[in-house]
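Worksheet: one structure, shown below.
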Amino acid sequence: MGLSSLLLSAALFGLKASALNNGLAQTPQMGWNTWNSFACELNETVILDAAERIVSLGFRDLGYDYVVMDDCWSAGRNSSGYLIADSAKFPNGIAHLADKIHELGLKIGIYSSAGKWTCARYEGSLGYEEKDAALWASWGIDYLKYDNCYNEGEEGTPKLSFDRYNAMFKALNGTGRPILYSLCNWGVDGPWNFAPTIANSWRTTGDLNNVWDRDDVNCPCSELEGLDCKTPGYKCSIMNVLNKAVYYPSKAIPGAWNDLDMLQVGNGGLTDAESIAHMSLWAALKSPLLMTNVMTKIDPQTLSILQNPAVLAVSQDPTASTPVRQWRYFVDDVDENGKGEIQMYSGSLSGGDQLVLLLNAGSKAREMNATLVDIFWESGAKGTAKQVKQHWDVYDLWANRMSNADAAAIINGTYSGPSPYNLTAMGGAQKVYSQPLPSNSKVLMGSKVGSVQPSGTVKAHVQPHGVAMLRLRATDKNDEL
């Protein structure tokens, strides 16, 4: 459909929707983004190669359906004020690329900034919202990542930021095309307070780096003293981002999510335990899950982490729309690096199940535990909740992680038999995640590792910089739900 006909269609049929009822991101969006691995070296080949691997390796089958091109795709504006794509990077144009992505059963995303320029100093969209939104819609774009660079000083109060981002919200809705709207303003002016009414997700902090826990002057509000906590920064560690995000889980609702930034799994810098913890926490906190590794060079460990359906089922659980809450946090047995952070998270899942995460952010393995009173605190303070008087089975969501041998065979194309996670055969990822999970499904429930008596304690041995991700189910539930 051409640009003029698309605008006419929108005008005739009044196809408008708010961010919260545009039908998108009813669970946190999943997909892949170019930036962390390719930065400004993106092009048509890079994107199509990644998209084809997302399909062939089974990621699409698990729900990773957005392929998002980040900064550096454009070559300025034409005489009419419309953006034009870099013809060297995209010789066939963006509309052609979008068609190819759609033919693969995927959706395509694009990038801009609510400023004069993008962060890499390409043309931004400030003042051009309607033209840019209409152009992207005519190309078949399904997703917009909208940054905050060179914003001409239009920030400093929530109202200033709201007005600037609301302009693009109105422009996107005016096209009549459902386009997922992902704000990337780094937590400036508290987007969790204004963005839920206009966007499908909003970044909560500065850019996430592939490092577990490191004080960095570029990412304030850590343990360093005297830093301006209003500065969003970049090169933020996983623990820095996590410890900022825990304060506003209630701001997330279906169609509108706190975004802790893109996944760093598979980009080096993290141990296996750290990568598992990163994936687990982002899923439990209902952050969008956007992979950023080089898909054509993926290794078995990375594939097995990103493809764990038991963890993805937590992220995509449609009836558990509120992220887990941090109920217990303290520093214990400080180690030689000055770190000994312990955290416990808990939250409800569909069918009356409960999610528990025990995080050991220290550098020594330790035995960890949480009482049912701790776990069900939100349901009734000080153990008054009925849940603490029940028997619970405990399932380890990482117990059946794909073996490296199977993951390597999938990558090499030598895996025999059906995909180990063939959710398409089960009705598709969206259907599978939206239904109550049967206890005997090791793919979706992990493995039963124990049980807890009324008013009892959940226990786990947790590796350094690691997490135990557990699902509790009442023992009187039918295994064949």
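The values are calculated or read from the model by the stated rules, or taken from the named source; none is laboratory data. This one's a predicted model, so the numbers in the text were calculated from it and none came from an experiment. Note: ideal-geometry Cβ built from the backbone for every residue, glycine included; neighbour counts use all protein chains shown. Just so you know, the surface numbers come from the protein's heavy atoms only, side chains and all, with ligands and any DNA or RNA stripped out. Shrake-Rupley method; radii C 1.70, N 1.55, O 1.52, S 1.80 Å.
Points worth noting:
- The fraction of Cα-Cα pairs per 5 angstrom bin, counted from 0 for the stretch 18-156, comes to 2, 10, 19, 23, 20, 15, 8, 3, 1, 0 percent, rounded to whole percents.
- Average accessible surface area per residue within the stretch 362-450, 1.4 Å rolling probe, Å²: 51
- In the stretch 104-224 the Cα-Cα distances spread across 10 Å bins starting at 0 as 13, 42, 31, 11, 2 percent of all pairs.
- Normalised size of the stretch 343-389, defined as Cα radius of gyration per 2.2 N^0.38 Å with N residues, equals 1.28.
- The largest-to-smallest principal axis extents of the Cα set in the stretch 82-136 are 34, 23, 18 Å.
- Cross-link partners for LYS442 among the lysines, with Cα-Cα distance under 17 Å and sequence neighbours closer than 8 places in the same chain left out: LYS477.
- A simple rule links phi to the HN-Hα coupling: the Karplus curve 6.51 cos²θ - 1.76 cosθ + 1.60 with θ = phi - 60°, which for the stretch 243-259 gives 6, 8, 6, 6, 8, 9, x, 6, 6, 7, 9, x, x, 8, 10, 5, 10 Hz, with x for Gly and Pro.
- The Cα atoms of the stretch 438-477 give a gyration tensor whose axes a ≥ b ≥ c have a/c of 1.5 or more with a/b no greater than b/c, which makes the shape oblate.
- Take the Cβ atoms of LYS170 and ALA75, set R0 to 45 Å, and the FRET efficiency comes out at 0.95.
- Split the accessible area of the stretch 48-128 by element, probe 1.4 Å, and carbon with sulfur accounts for 45%.
- Amide H contacts of GLY456: LEU372, each under 5 Å away and 5 or more positions distant or on a separate chain (H built 1.01 Å from N in the peptide plane; Pro and chain starts excluded).
- With a Förster radius of 22 Å applied to the C-beta separation of GLU41 and THR271, the computed FRET efficiency comes to 0.20.
- In this structure the amide hydrogen of GLY466, modeled in the peptide plane, comes within under 5 Å of the amide hydrogens of ASN360, none closer than 5 places in sequence on its chain.
- Note on the stretch 196-322: Cα-Cα pairs beyond 26 Å make up 22% of the total pair count.
- Between the stretch 176-206 and the stretch 279-304, the alpha-carbon centres lie 21 Å apart.
- The alpha-carbon atoms of the stretch 260-309 define a convex hull whose volume equals 74 cubic angstrom per residue.
- Only the Cβ atoms of Lys and Arg (+1) and of Asp and Glu (-1) were treated as charged; on that basis the dipole of the stretch 98-151 about its Cα centre amounts to roughly 180 debye.
- Taking amide H as placed 1.01 Å from N in the peptide plane, the amide H of LEU180 sits under 5 Å from that of TYR143, LEU144, each at least 5 places away or on another chain.
- The stretch 27-99 pair-distance distribution - Cα-Cα, 10 Å bins, rounded %: 18, 46, 27, 7, 1
- Modelled label positions at LYS448 and ASP163, each set 7 Å beyond Cα in the direction of Cβ, lie 6.0 nm from each other.
- Pairs from LYS244/LYS459; LYS364/LYS448; LYS107/LYS251; LYS286/LYS459; LYS107/LYS364 whose Cα-Cα separation, in the structure shown, is over 31 Å: LYS107/LYS364
- For q = 0.06, 0.07, 0.08 Å⁻¹, Debye-computed log10 I/I(0) when each Cα of the chain counts as one equal scatterer: -0.26, -0.36, -0.47
- Note on the chain: with charges restricted to the Cβ of Lys and Arg (+1) and Asp and Glu (-1), its dipole about the Cα centre is near 1080 debye.
- An ellipsoid equivalent to the stretch 371-481, defined through the eigenvalues of its Cα gyration tensor, has semi-axes of 32, 18, 11 Å when rounded to whole angstrom and sorted largest first.
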